[in-house]
Amino acid sequence: MVNLLVMLWLLNFEPDDSLMNQVEAWVNISGTNVGFDTEVANQLSASSSFILPHRRYAMLTVEFRNPIHSLYLTKDGPDAEWNPHAEMSRSFYIHFSDWPMHKPWIQATQAQIERT
């Protein structure tokens, strides 16, 4: 799932009436439980998309907090070592996505901080 989300940052979408109608129909069917915009894009393109190598081009901040980095380091094999400083210096783009924490401009509760 993370790989698909990462690649959406690198895509350039052109306006298209047909695609917009599909998005609106999917949102109407799904109701209020649509989720994030990236989930809509994933659902609509699942049958025709593929994962491009993303590691150097985009990184989620949650990767620094994850105890296991195997999904991020898949290309390097199962014995790859996680080096946060090296990964940060190699990344062209680091996106703040640290679920369940909110964006930095929304103050987290003490309970959220303690859980993470």
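Of the residues Ser91, Ser48, the single one that is in contact with a strand residue (DSSP E or B) (Cβ under 8 Å, 6 or more places away or on another chain), polar (S, T, N, Q) and either within 30 Å of Glu24 (Cβ to Cβ) or not assigned by TED's automatic domain parsing to the domain that holds Gln22 (or both) is Ser91. Of all residues in the range 66-89, none that is touching a residue at least 60 places away in the same chain (Cβ under 8 Å) and under 24 Å from Pro100 (Cβ atoms) has its Cβ atom under 8 Å from the Cβ atom of a residue that is in a loop (DSSP other than H, G, I, E, B) and among the β-branched types (Val, Ile, Thr), 6 or more apart or on another chain.
For residues that are of a type in the set (Ser, Thr, Tyr) and at pLDDT below 75, scanning just the range 46-76, find the one that is farthest from Ile94 (Cα to Cα).
Ser48
All conditions but one from (1) modelled with pLDDT under 75; (2) touching a Pro at 6+ places or on another chain (Cβ under 7 Å); (3) among the hydrophobic types (A, V, I, L, M, F, W, C) apply to Val34; the one that does not is (2). Scan the range 93-110 for residues that are more than 12 Å from Val62 (Cα to Cα) and surrounded by 14 or more Cβ atoms within 10 Å (Cβ to Cβ) and jot them down. Matches in the range 93-110: Ala108 only.
The values are calculated or read from the model by the stated rules, or taken from the named source; none is laboratory data. Being a predicted model, the structure only gives us computed values, none of them experimental. Quick reminder, even Gly has a Cβ in these numbers, built from the backbone with ideal geometry, and neighbours come from all protein chains shown.
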